[in-house]
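Here the structure is laid out as structure tokens; the discussion comes afterwards.
The values are calculated or read from the model by the stated rules, or taken from the named source; none is laboratory data. As the structure is a prediction and not an experimental result, all values here were calculated from the model. Glycine gets a Cβ as well: all are built from the backbone with ideal geometry, and neighbour counts include every protein chain shown. Surface areas here come from the heavy atoms of the whole protein model, side chains and all, with no ligands, DNA or RNA. Shrake-Rupley method; radii C 1.70, N 1.55, O 1.52, S 1.80 Å.
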Amino acid sequence: MDQANIVIIGGGVVGCAIARACAMRWSDVFLLEALPKLGMGTSSRNSGVIHSGIYYPPGSLKARHCLRGNQLTYEFCAAHGVPHRHTGKLVVASSPLELPELTALMENGRANGVEGLRIIDRATIHDREPHVEGYQALDVPSTGIVASEDLVKAYARVAVDHGAHIVTQAKVERLGASLGGIRVVSAAGEIETRCLVNSAGLFSDEVAAMLGSKMARN
């Protein structure tokens, strides 16, 4: 049976990013993906937005990590040739009645540390995007878009370059305790690991249940 320091279950964008970070610090890192290719699930079935962090409660982990992740994503994409666009976005108020909500959203974003937020008028909206009709809008310059499947592949490529082993068509079937840590039985074989990372996305509760978690699925 193969031995590993770290086994990551799930080859989406989070799993591949974790594999990249782990491989840069430790050896014997394995990533197991159930499907034939990486990122075939939700990681490549989304709009690819690089979020700014304007919506989360100030002081929350989501706010802090979103703000830092925004910067790091742009840096990673630029360094590794991942297609992306720093587009910015407009949150539009269609009437004066919606202005208090727009102002509150701007204040929330500023409290989170999002830079460059401003309220713009109808004429500026039209100059920016002629097909949008609004009373005023919140301009959020740090928002962008990324080719999500390319991002997954880039994280995986860097992970492999640092020695990680990525195995597809390796659906995990059983997990159990062993003398050396955790025994992982997958469609690709068995491996024993000192550390197991559950990054199985929509199926993370099923993976957790293999080790006795009673977490309910909504």
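For (1) part of a strand (DSSP E or B); (2) at pLDDT 95 or above; (3) open to solvent by less than 30 Å² (accessible area, probe 1.4 Å), each residue gets a yes or a no:
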| position | (1), (2), (3) |
| --- | --- |
| Arg110 | no, yes, no |
| Gly113 | no, yes, no |
| Leu196 | yes, yes, no |
| Leu202 | no, no, no |
| Asp205 | no, no, yes |
| Leu211 | no, no, no |
| Lys214 | no, no, no |
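The residues of segment 134-186 that are of a type in the set (S, T, N, Q) and over 24 Å from Gln3 (Cβ atoms), listed by number, are Gln136, Ser142, Thr143, Ser148.
Residues in segment 50-73 that are surrounded by fewer than 19 Cβ atoms within 10 Å (Cβ to Cβ) and touching a Gly at 6+ places or on another chain (Cβ under 7 Å): Asn70 only.
Residue count for segment 140-198 satisfying the condition of being out of contact with any strand residue (DSSP E or B) (no Cβ under 7 Å at 6 or more places or on another chain) and of a type in the set (S, T, N, Q): 4.
Return yes or no: is Pro57 touching a residue at least 60 places away in the same chain (Cβ under 8 Å) and more than 18 Å from Arg118 (Cβ to Cβ)?
On the way: touching a residue at least 60 places away in the same chain (Cβ under 8 Å): no; more than 18 Å from Arg118 (Cβ to Cβ): yes.
No; evaluated as a whole, the condition is false for this residue.
Looking across segment 73-88, the residues that are β-branched (Val, Ile, Thr) and within 27 Å of Leu138 (Cα to Cα) come down to Thr73, Thr87.
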